[in-house]
Amino acid sequence: MWIYEKKLQYPVRVCKCDPKMAKFLLEQYGGADGELAAALRYLNQRYTIPNKVIGLLTDIGTEEFAHLEMIATMVYKLTKDASPEELEAAGLGAHFANHDSALFYSNAAGVPWTATYIQAKGDPIADLYEDIAAEEKARATYQWLIDMTDDPDLQDSLKFLREREVVHSQRFREAVEILKEERDRKKIF
Ligand SMILES: [Fe+2]
């Protein structure tokens, strides 16, 4: 079970209304390497991963939901004062026609999230390598997003998220080493 804490993991502030940037941020909301995909990938993999790393997947999967909440807050704040005309000019016309200003799990190009973005191979090493790759791809996307905005407040929150991806990648790499060590030890009788 989870206990909800009613605050963001890290503050989200924006300097201006910027629906175009909100559209790009959707890549980390409902995109292949986004936060929803990350949370669902890790929490689902827990059931067949060795006991030693279940806690890690629970911790990181849970934290990804906190990141999803931060991205949602960014998108909301960047679009809440935009007129329909401004949303359309930012490429969000089709989104507005379907969802008004509600968020939806799609990527920056408007493609809906799909379970095909995530994997569960059942082989712990294969799954953890996928997780490491996912973290590195998310880190790269955050870097591109930081480069695409001149809003220092938004950059600050995005930099926090980028750093968390680095930490997650390192922790998954450690988990691979733990499992490899255990696997190799079993061969010695
Ligand atoms: Fe992550």
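Annotations for the structure displayed:
Yes/no matrix, rows are residues, columns are (1) modelled with pLDDT of 95 or more; (2) farther than 16 Å from Ser157 by Cα; (3) hydroxyl-bearing (Ser, Thr, Tyr):
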{"position": "Cys15", "(1), (2), (3)": "yes, no, no"}
{"position": "Gly30", "(1), (2), (3)": "yes, yes, no"}
{"position": "Ile54", "(1), (2), (3)": "yes, yes, no"}
{"position": "Leu57", "(1), (2), (3)": "yes, yes, no"}
{"position": "Thr73", "(1), (2), (3)": "yes, no, yes"}
{"position": "Leu78", "(1), (2), (3)": "yes, no, no"}
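- Scanning the stretch 30-71 for residues that are more than 16 Å from the ligand (Cβ to nearest atom) and either in contact with a Lys or Arg (Cβ under 9 Å, 6 or more places away or on another chain) or touching a residue at least 24 places away in the same chain (Cβ under 8 Å) (or both) gives Thr48, Ile49, Pro50, Lys52, Ile54.
- For the stretch 82-100, a residue qualifies if it is more than 10 Å from Pro19 (Cβ to Cβ) and within 24 Å of the chain's Cα centre (by Cα), and the qualifying residues are Ala94, Asn98, His99, Asp100.
- Close Cβ contacts (under 9 Å, 6 or more residues apart or on different chains) running from residues in the stretch 134-158 that are farther than 16 Å from Val14 by Cβ to residues that are more than 16 Å from the ligand (Cβ to nearest atom) and part of a helix (DSSP H, G or I) comprise Trp144/Phe24.
- At least 1 residues being over 29 Å from Ser83 (Cα atoms) and touching an Asp or Glu at 6+ places or on another chain (Cβ under 8 Å) is the threshold, and among the helices (runs of 4 or more DSSP H) wholly inside the stretch 1-72 those reaching it are 35-45.
- Condition check for Leu154: within 16 Å of the ligand (Cβ to nearest atom), at pLDDT 95 or above and over 12 Å from the mean Cα position of the chain (by Cα): no
- Some residue of the stretch 91-113 being within 16 Å of the ligand (Cβ to nearest atom), free of Cβ contacts under 8 Å to residues at least 60 places away in the same chain and surrounded by fewer than 19 Cβ atoms within 10 Å (Cβ to Cβ): no
- Evaluating Gly93 against the criteria (1) at pLDDT 95 or above; (2) within 17 Å of Ala38 (Cα to Cα) leaves one unmet condition, (2).
- Residue in the stretch 120-129 that is more than 16 Å from the ligand (Cβ to nearest atom) and closer than 14 Å to Gly34 by Cβ present: no
The values are calculated or read from the model by the stated rules, or taken from the named source; none is laboratory data. Quantities reported herein were computed from a predicted structural model and do not represent experimental measurements. Quick reminder, even Gly has a Cβ in these numbers, built from the backbone with ideal geometry, and neighbours come from all protein chains shown.
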